[in-house]
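Reviewing the structure listed below.
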Amino acid sequence: MGFVILTSLPIWHLLVVTDDGSIYSYILKYAKTLPKLNHFVPKSASIGTEMPVIEKPKPGKKELDSVARRLEYFKHFGDYLLKSKPKNLKTKRKNGLKLQLQRIVYNGSETYLVMEVSNTSGIAFEIDFLNVYRVNGNKKRKASYQKLEMKPICAYKIPSKVYNSQSFRFVYVLPKFVLRDKEKLQLELQEINGSRKLLLKYH
């Protein structure tokens, strides 16, 4: 809130501008005694506004902006990871196809998986899905076996099709997780309209 007093003794002109842009104007005059110490001003006493009324954002817009900023951050950090030197945590090869888990990076409340898919089979490989699971126990012992799928928050630069002699590095962003002693990370890469499949287990 701001105010300006324009003097013309013994009378003062008080001009007040509030934070919301409302303007109030009063004539002040000196008096030895005040009949009323506090004076509350209703909004209806405003003589105008300094700035136009700003339209409030529609419900949900703030949340959408927040989601967009979050996804933009995932992409920027994903680019940083893809520019870094590749590592090799685990590789699965089958029939000219290769799926490689290169890095697991923890950042904030997310876990980033840096992966690479390559094709030297002579036939284009069209991806149906790449699922990520946490696996606990032995599949042969069904009573203790658990397989939990982890849905990615963002899949960055994953290709839809890998032609012969092509390789692609990409990033999966997942809610933060840490594998326990007996847990494994399992990646399942499946071909669309085909039988080719890669299964990679890491821990």
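The values are calculated or read from the model by the stated rules, or taken from the named source; none is laboratory data. Everything numeric here is computed off the predicted structure, so don't read it as measured data. Neighbour counts run over all protein chains shown; Cβ positions are idealised from the backbone, glycine included.
It is to be established whether one or more residues within the stretch 101-108 are of a type in the set (Phe, Trp, Tyr) and loosely packed, with under 14 Cβ neighbours inside 10 Å.
So far as the stretch 101-108 goes, yes, one or more of its residues are of a type in the set (Phe, Trp, Tyr) and loosely packed, with under 14 Cβ neighbours inside 10 Å.
Based on what the data block shows, is LEU113 assigned by TED's automatic domain parsing to the domain that holds ILE153, at pLDDT 95 or above and more than 24 Å from the chain's Cα centre (by Cα)?
No: the conditions fail for LEU113.
Spot the failing condition for LYS157; the list is (1) of a type in the set (D, E, K, R); (2) at pLDDT below 95; (3) over 20 Å from LEU199 (Cβ atoms), and only one is missed.
Going through (1) of a type in the set (D, E, K, R); (2) at pLDDT below 95; (3) over 20 Å from LEU199 (Cβ atoms) one by one, LYS157 breaks only (2).
Filtering the stretch 121-154 down to residues that are assigned to a loop (DSSP other than H, G, I, E, B) and of a type in the set (Ser, Thr, Tyr), which residue is nearest to GLN100 (Cα to Cα)?
Selected residue: SER121.
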